Amino acid sequence: MSKFLSKEASRLAPYTPGEQPTDAQYIKLNTNESPFPPAPKVVKALSRAEVLKLNLYSDPTCGRLVEAIAKRYELQSENVITGNGSDEILAFAFRAFCGEGKGLAYADITYGFYKSQVALFGLDAKVIPLREDFTLNVDDYMDFPGTIVIANPNAPTGMTVSRVDIQRLLEADPDRVVIVDEAYVDFGAESCVPLIYRYDNLLVVQTMSKSRSLAGGRVGFALGSPELISALNRVKYSFNPYNVGRLSIVAGAAAVEDEDYFQTCTAAIRNNRKWTVRELEALGFTVLPSQANFIFAKSDKLPGGELYQKLKENGILVRWFDADRIRDYIRITIGSLEQMAALVDEIARLLEEV
Ligand SMILES: *Cc1c(COP(=O)(O)O)cnc(C)c1O
């Protein structure tokens, strides 16, 4: 460890992002990006005129983007904050709602970035195991006095918690903030957005990285009561007031306004998911029930690590987590039908070699 590191920095637990290779042309099914380009409205909105304004700072309130999101989700501007990806929004939330005497509870198998942010902010974490079948039972969280974050659908399982169950958590303790990370909600799960006017302790976090084809644009947002949103703004203006760039504000607003394209893309992913699950099950795989743009699957013949490695050698990238309980599985992003067919063909070929 470097002698220049502060004591605090030496205790960090940096997140390991999925591979973003620049050396070879892979079929890239490892980081849950959309296989489709950004919406036509986005391409049109990113004009030369917008580029020529880059000498000016972006709007710190992200007004254009916030208004577009508020309109799409039938909320007020006061219910919305936008960020440089939803990872930044999650950081604002953990800083705003956790600290001395207020820890953070999350599942043992979930989005790995929660753990990194817990280390960054020096928070007390309560890691609550998913049940044997990877379901999250909200009863396991009822008595926790701090803040709760639930990825719904969960990553990397793709499994969901019902809105009624989230509601039970919200009602059990109105002084406790429940953060529902809905990064994958647009692929078929039940959103908690309709609950926002009823529960001032509910924060819903979403992103344009997956369902709106803007991973490289870095646009995330949170929806919640004005009280929660203003708490997040307090952190934002202490950290990075111009947190969303000019071009990303323009792109994000156009993406939210292109409803037809959004519906077409998310429907295609749901279809391709269904097709892929059926094909893999026919090859002897166990596939967890996913409502996300990825599936979590294990072969009855090849261990997860070996499958990951062999697919990579053959030009297909998936994600494998070398961690307890999930070592046998690989996470496969749902791409275009052509990509999924190539994956299934390659897996069938690899299984014949076993
Ligand atoms: C992808 C992802 C995010 C963050 O995405 P951004 O690109 O930072 O918006 C947040 N939560 C979960 C569960 C994710 O999978």
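The values are calculated or read from the model by the stated rules, or taken from the named source; none is laboratory data. Every value quoted in this text rests on a predicted model; they were computed, and no experiment measured them. A quick note on method: Cβ atoms are made from the backbone with ideal geometry, for glycine too, and the neighbour counts reach across all protein chains shown.
Considering the stretch 153-164 alone, what residues qualify as being closer than 18 Å to SER290 by Cα and out of contact with any Leu (no Cβ under 8 Å at 6 or more places or on another chain)?
Taking the stretch 153-164 first, the residues closer than 18 Å to SER290 by Cα are 153-163.
Listed by number, the residues that qualify are PRO153, ALA155, PRO156, THR160, SER162.
Pick from the stretch 79-91 the residues that are under 18 Å from CYS192 (Cβ atoms) and out of contact with any Lys or Arg (no Cβ under 8 Å at 6 or more places or on another chain): which of them is farthest from the ligand (Cβ to nearest atom)? Break it down stepwise before answering.
Kept after step one, since they are under 18 Å from CYS192 (Cβ atoms), are these residues of the stretch 79-91: 79-81, 86, 89-90.
Going one step further and asking which of them are out of contact with any Lys or Arg (no Cβ under 8 Å at 6 or more places or on another chain), we end up with 79-80, 86, 89-90.
Numbers: ASN79: 19, VAL80: 15, SER86: 4, ILE89: 8, LEU90: 7 Å.
Once the filter is applied, the top-ranked residue is ASN79.
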Please count how many residues of the stretch 124-154 are surrounded by fewer than 22 Cβ atoms within 10 Å (Cβ to Cβ) and in a loop (DSSP other than H, G, I, E, B). 14
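Among the listed residues PRO60, PRO38, identify the single one that is within 16 Å of the ligand (Cβ to nearest atom), in contact (Cβ under 8 Å) with a residue 12 or more places away in the chain, surrounded by 13 or more Cβ atoms within 10 Å (Cβ to Cβ) and part of a loop (DSSP other than H, G, I, E, B).
Numbers: PRO60 fails: within 16 Å of the ligand (Cβ to nearest atom).
On inspection, the qualifying residue turns out to be PRO38.
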Give just the number: which of (1) surrounded by fewer than 15 Cβ atoms within 10 Å (Cβ to Cβ); (2) under 24 Å from the mean Cα position of the chain (by Cα) does LEU288 not satisfy? (1)
Answer from ARG212, ARG198 - the residue that is away from the ligand (no atom under 11 Å from the Cβ), among the charged types (D, E, K, R), part of a loop (DSSP other than H, G, I, E, B) and modelled with pLDDT of 95 or more: ARG198
Spot the failing condition for GLN76; the list is (1) surrounded by fewer than 16 Cβ atoms within 10 Å (Cβ to Cβ); (2) of a type outside the set (Lys, Arg); (3) in contact with a Ser or Thr (Cβ under 8 Å, 6 or more places away or on another chain), and only one is missed. (3)
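Taking the stretch 94-123, which residues are part of a strand (DSSP E or B) and small (Gly, Ala, Ser)? First the steps, then the outcome.
Going through the stretch 94-123, the residues part of a strand (DSSP E or B) turn out to be 99, 102, 104-107.
Correct list: GLY99, ALA105, ALA107.
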Exactly one condition in (1) closer than 30 Å to LEU350 by Cβ; (2) crowded, with 19+ Cβ neighbours inside 10 Å; (3) out of contact with any strand residue (DSSP E or B) (no Cβ under 7 Å at 6 or more places or on another chain); (4) of a type outside the set (Val, Ile, Thr) is false for ALA282; which is it? (2)
